[in-house]
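Encoded as structure tokens, the structure appears first; notes follow it.
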Amino acid sequence: MRLLILIAIIFYVFIISLVGFTGLLFLAHFIDLRTYLDFMTFIYKDPQANTLAGVIVAITMLISLIYARIIYGRQERERNIFINNPLGRVTISVSALEDLVRRMAVRSPQVKEIYPYVTSAKKGLHIDIRLVLRSAANIPELTADLQNSIKARIQGVIGADERVNIRIHVVKITSDSNKSGKGGLREYEEDDTADLSVPFPGYKA
């Protein structure tokens, strides 16, 4: 799938670059207007050239539609989780999981800001988290606590033992001294009664 996405990107870049480069040559008068008109007239009047040009345009449009469908389908799969229940398919937007991760992390006094990004793949969920921490934070302990707690919570929500890969990037450490820097996600786990706690069988990424 990644190869198809790469080919699609190369295809679109080639088409756009070709059109743009031709337009620039024409505007810069490197392409003679009379020569261009003679060429277009030849294609218009010659049956074989006309057919060949039509086939090339049709193939280009077909390839463009196929690649657009591939890119859109991949994006749709990455931003949604599909669960097959007996009464029908259930779709969970990963933005709901991002909101859950955000609400979990901000309960920790060591975390000032969090920016989660969740994607769904065949091998499970991938969660990338960018953190802004307070200066008193114990980074190794906090990040390990976050990873374990978020993994357990996400698996409890979607009701599956699928792999959850969590990567944390600490992008900034502030000098905010209003928080003690102690504590973690334990209070949230004990007090949380979020409505996303009902497990769903049959998870498929």
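The values are calculated or read from the model by the stated rules, or taken from the named source; none is laboratory data. Keep in mind the model is a prediction, meaning the values are calculated, not measured. Virtual Cβ from ideal backbone geometry, glycine too; neighbours counted across all protein chains shown.
Some values worked out for this structure:
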| item | result |
| --- | --- |
| Residue selected from the stretch 68-115 under the condition of a type in the set (Ser, Thr, Tyr) and closer than 21 Å to residue 147 by Cα, by the criterion farthest from the chain's Cα centre (by Cα) | 108 |
| Filter result (within 19 Å of residue 156 (Cα to Cα), assigned to a strand (DSSP E or B) and either at pLDDT 80 or above or outside the structural domain of residue 164 (by TED's automatic domain parsing) (or both)) within the stretch 92-123 | 92, 93, 116, 117, 118, 119, 120 |
| Filtered residue count, the stretch 125-144, keeping only those that are touching a Ser or Thr at 6+ places or on another chain (Cβ under 8 Å), surrounded by 15 or more Cβ atoms within 10 Å (Cβ to Cβ) and either free of Cβ contacts under 8 Å to residues at least 24 places away in the same chain or not hydrophobic (A, V, I, L, M, F, W, C) (or both) | 2 |
| Residue in the stretch 12-31 that is within 26 Å of residue 164 (Cβ to Cβ) and either loosely packed, with under 12 Cβ neighbours inside 10 Å or touching a helix residue (DSSP H, G or I) at 6+ places or on another chain (Cβ under 7 Å) (or both) present | no |
| Helices (runs of 4 or more DSSP H) lying entirely in the stretch 1-85 (those with 3 or more residues that are closer than 28 Å to residue 123 by Cα) | 2-27, 47-78 |
| Output for the stretch 116-142, where each listed residue is β-branched (Val, Ile, Thr) and either closer than 29 Å to residue 89 by Cα or over 23 Å from the mean Cα position of the chain (by Cα) (or both) | 118, 119, 127, 129, 139 |
